[in-house]
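Trainee: Right, I'll just put the structure down here and ask away after.
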Amino acid sequence: MSGSRVVALGHYQPERVLTNDDLAQMVETSDEWIRQRTGIATRHIADDESVADMAAGAAAKALAASGLVPADIGQVIVATCSAIDRCPSIAAQVAGRLSIPSAVCFDLNNACAGFCTALATADHTLRAGAARHALVIGAEKMSDLADWTDRASCILLGDGAGAAVLSAADDASIGPVVWGSDPSRNNAVRLVDAWQPRFAQEGQAVFRWATSELPAIAAQACERAGIATTDLAGIVTHQANLRIIEAMTRRLDLRDDVVIARDIVGSGNTSAASVPLALSKMVERGELPSGQPVLLFAFGGGLSWAGQVITCP
């Protein structure tokens, strides 16, 4: 096979919704303060649900939509930085819950860039012929990592999961990946205190980096796919902050009708889950037409980035 394609998507979010007004009862903040700085209005928060619960929920929907059976899946990758499980991996737990019998299963941590990194890893596996179908999931319970006394960080975070089923195909619809990292800035986004990790970041430094350096790297993903940014039907970036998304996309040469993901408004920052979560919801709502090129691009702790152009299923 010459490549692979995304054949189905699925997503899962907890029922509990935490509003900005709810947060104003917990820390010194307000709905206006949060919206002006982040664009976020609400976020979904898991109570008893684990990372594995949410990952399996999204994966089950994607697998059902793919028309495949569990035995068809040869690889399961879960991108996450919030799972406390070390062994068995979240991927192995998902395989067990979905009765996937003999796939290679592993978790991947590239922070918020994790899903796009995992998607490229699965694409390479299928291109090499080591499997014919793969299940790629981004799942996070960022609420476990939130410092609920720190208004600068707790207002950002949400929980959820998104999943994609990939199949080997002659008519490949996943373009070459652009990925990398800048380890000189690896403290800009981090988890502190190894025994009770908490999310922390240097917000202004990340904003400057994301808006000044990443648009050119994102455009490289289009170049490697053999298209111009003006050919894109949509863009799904990591949902870190609405101000970052808007600043990044303004620097790309886009048509006026390009659909830009803004799931950050209702879901908050869900780290590695943000790209597949937003993508699955947009496809489900019919906002991204089948067969059209969409740029996926994510960035986060490391500081790392990964992105590729795909064709929507």
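The values are calculated or read from the model by the stated rules, or taken from the named source; none is laboratory data. Here the structure is a predicted model, which means the values were calculated and not measured. With ideal geometry, Cβ positions are generated from the backbone for all residues, glycine too; neighbour counts draw on all protein chains shown.
Trainee: Name the single residue, out of those in the stretch 270-313 being among the small types (Gly, Ala, Ser), in a loop (DSSP other than H, G, I, E, B) and within 16 Å of the chain's Cα centre (by Cα), that is surrounded by the fewest Cβ atoms within 10 Å (Cβ to Cβ). Let's see the steps before the verdict.
Mentor: Step one: of the stretch 270-313, the residues among the small types (Gly, Ala, Ser) are 271-274, 278, 280, 286, 290-291, 298, 300-302, 304, 306-307.
Keeping just the survivors that are in a loop (DSSP other than H, G, I, E, B) gives 286, 290-291, 301-302.
Among the residues that remain, those that are also within 16 Å of the chain's Cα centre (by Cα) are: 301-302.
On the way: Gly301: 24, Gly302: 20.
Looking at residues that are among the small types (Gly, Ala, Ser), in a loop (DSSP other than H, G, I, E, B) and within 16 Å of the chain's Cα centre (by Cα), I get Gly302.
Trainee: Let me ask you something else. Among the numbered criteria (1) within 30 Å of Ala46 (Cα to Cα); (2) surrounded by fewer than 21 Cβ atoms within 10 Å (Cβ to Cβ), which one does Asp159 miss?
Mentor: Of the numbered conditions (1) within 30 Å of Ala46 (Cα to Cα); (2) surrounded by fewer than 21 Cβ atoms within 10 Å (Cβ to Cβ), the odd one out for Asp159 is (2).
Trainee: Of the conditions (1) modelled with pLDDT of 95 or more; (2) surrounded by fewer than 19 Cβ atoms within 10 Å (Cβ to Cβ); (3) assigned to a helix (DSSP H, G or I), Gln204 fails just one. Which one is it?
Mentor: (1)
Trainee: Of these, Val236, Val265, which one is surrounded by fewer than 18 Cβ atoms within 10 Å (Cβ to Cβ) and modelled with pLDDT of 95 or more? Spell out the reasoning first.
Mentor: Details: Val236 fails: surrounded by fewer than 18 Cβ atoms within 10 Å (Cβ to Cβ).
From the options Val236, Val265, the qualifying one is Val265.
Trainee: Considering every residue within the stretch 13-29, establish whether at least one is over 23 Å from Arg198 (Cα atoms), part of a loop (DSSP other than H, G, I, E, B) and not small (Gly, Ala, Ser).
Mentor: For the stretch 13-29, residues over 23 Å from Arg198 (Cα atoms), part of a loop (DSSP other than H, G, I, E, B) and not small (Gly, Ala, Ser): present.
Trainee: Using beta carbons and a limit of 8 Å, which pairs, at least six apart or on different chains, have the first residue in the stretch 1-22 and without any contact (Cβ under 8 Å) to a residue 24 or more places away in the chain and the second one surrounded by 14 or more Cβ atoms within 10 Å (Cβ to Cβ) and part of a loop (DSSP other than H, G, I, E, B)?
Mentor: Thr19/Ala41
Trainee: Go through the stretch 86-97 and give me each residue that's hydrophobic (A, V, I, L, M, F, W, C) and surrounded by fewer than 21 Cβ atoms within 10 Å (Cβ to Cβ).
Mentor: Here is the first cut: in the stretch 86-97, the residues hydrophobic (A, V, I, L, M, F, W, C) are 87, 90-92, 94-95.
Answer for the stretch 86-97, where residues must be hydrophobic (A, V, I, L, M, F, W, C) and surrounded by fewer than 21 Cβ atoms within 10 Å (Cβ to Cβ): Cys87, Ala92.
Here is a yes/no grid of residues against (1) at pLDDT 95 or above; (2) more than 30 Å from Ile73 (Cα to Cα); (3) of a type outside the set (Asp, Glu):
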{"residue": "Ser167", "(1), (2), (3)": "yes, no, yes"}
{"residue": "Gln196", "(1), (2), (3)": "no, yes, yes"}
{"residue": "Leu242", "(1), (2), (3)": "yes, yes, yes"}
{"residue": "Ala247", "(1), (2), (3)": "no, yes, yes"}
{"residue": "Val258", "(1), (2), (3)": "yes, yes, yes"}
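Trainee: Here's a follow-up. Give just the number: which of (1) touching a strand residue (DSSP E or B) at 6+ places or on another chain (Cβ under 7 Å); (2) surrounded by 16 or more Cβ atoms within 10 Å (Cβ to Cβ); (3) over 26 Å from Gly57 (Cβ atoms) does Pro215 not satisfy?
Mentor: (1)
Trainee: Look through Arg132, Arg185, Arg97 and report the one residue that is out of contact with any Asp or Glu (no Cβ under 6 Å at 6 or more places or on another chain) and at pLDDT below 95. Outline the logic, then answer.
Mentor: On the way: Arg132 fails: at pLDDT below 95; Arg97 fails: at pLDDT below 95.
When all the criteria are applied, what remains is Arg185.
Trainee: If you don't mind, another one. Just to be sure, is Ala46 assigned to a helix (DSSP H, G or I), buried (at least 22 other Cβ atoms within 10 Å of the Cβ) and touching a Lys or Arg at 6+ places or on another chain (Cβ under 8 Å)? Before you say what the answer is, go through the steps one by one.
Mentor: Values: assigned to a helix (DSSP H, G or I): no; buried (at least 22 other Cβ atoms within 10 Å of the Cβ): yes; touching a Lys or Arg at 6+ places or on another chain (Cβ under 8 Å): yes.
Taking the combined requirement at face value, the residue does not satisfy it.
Trainee: Sticking with this structure for a sec: Can you name every residue in the stretch 239-253 that is crowded, with 22+ Cβ neighbours inside 10 Å and either in contact with a Leu (Cβ under 7 Å, 6 or more places away or on another chain) or of a type in the set (Gly, Ala, Ser) (or both)?
Mentor: Passing the criteria: Ala240, Met248.
Trainee: Can you name the condition, by its number, that Arg224 falls short on among (1) touching a Pro at 6+ places or on another chain (Cβ under 8 Å); (2) crowded, with 23+ Cβ neighbours inside 10 Å?
Mentor: Just one mismatch for Arg224, condition (2).
Trainee: Filter the stretch 242-266 for residues that are assigned to a helix (DSSP H, G or I) and under 12 Å from the mean Cα position of the chain (by Cα) and give the result.
Mentor: Keep residues of the stretch 242-266 that are assigned to a helix (DSSP H, G or I), which gives 242-250, 264-266.
Answer for the stretch 242-266, where residues must be assigned to a helix (DSSP H, G or I) and under 12 Å from the mean Cα position of the chain (by Cα): just Ile264.
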